[in-house]
1. Explain nothing, just the number: dipole magnitude of the chain about its Cα centre with +1 on each Lys and Arg Cβ and -1 on each Asp and Glu Cβ, in debye rounded to the nearest 20.
2. Compute the distance in nm between two label points, each set 7 Å from the Cα along the Cα-to-Cβ direction, one at Gln43 and one at Thr55.
3. With viscosity set to 1.002 mPa s and temperature to 20 °C, compute the Stokes-Einstein D of the range 2-80, Rh being the Kirkwood radius across alpha carbon pairs; µm²/s, no decimals.
4. Let me understand the range 3-48 better: what is its radius of gyration from the alpha carbons, and its Dmax, in angstrom?
Amino acid sequence: MSSITLPARCDRAAAEALLPELIAALGSGPLRIDARECQQIGQAMLQLLVSARQTGEGAIIEPSTALREVAALSALTDELFAGAGA
């Protein structure tokens, strides 16, 4: 299983920088995204994470408290974490 670790600040620039790595990783089986250090999460990163969950074999996201809070505020909890054991 491939793994990607997200930075503490997950803004648009971080999402753009992460996109090529994410595309490559999603093509090689299940993906684990370590987001436990995320403190700031922007809309672009949320969109990227939802896309990662819905693409190929999907992704399992290990969220930080901040990511869980933003997901709840954005009504994306199920899209990001349902069935992932996170």
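1. So the dipole magnitude of the chain works out to roughly 40 debye.
2. Result: 2.0 nm between the two label points.
3. Values: Rh = 12.1 Å.
Answer from the Stokes-Einstein relation: 176 µm²/s.
4. According to the Cα coordinates of the range 3-48, Rg and Dmax are 10.1, 28 Å.
Laboratory data are not the source of any read-out in this text; all were calculated from the coordinates shown. Since the model is a prediction, treat every value here as computed from it, not as a measurement. Because the Cβ atoms are built from the backbone with ideal geometry, glycine has one as well, and the counts that use them run over all protein chains shown.
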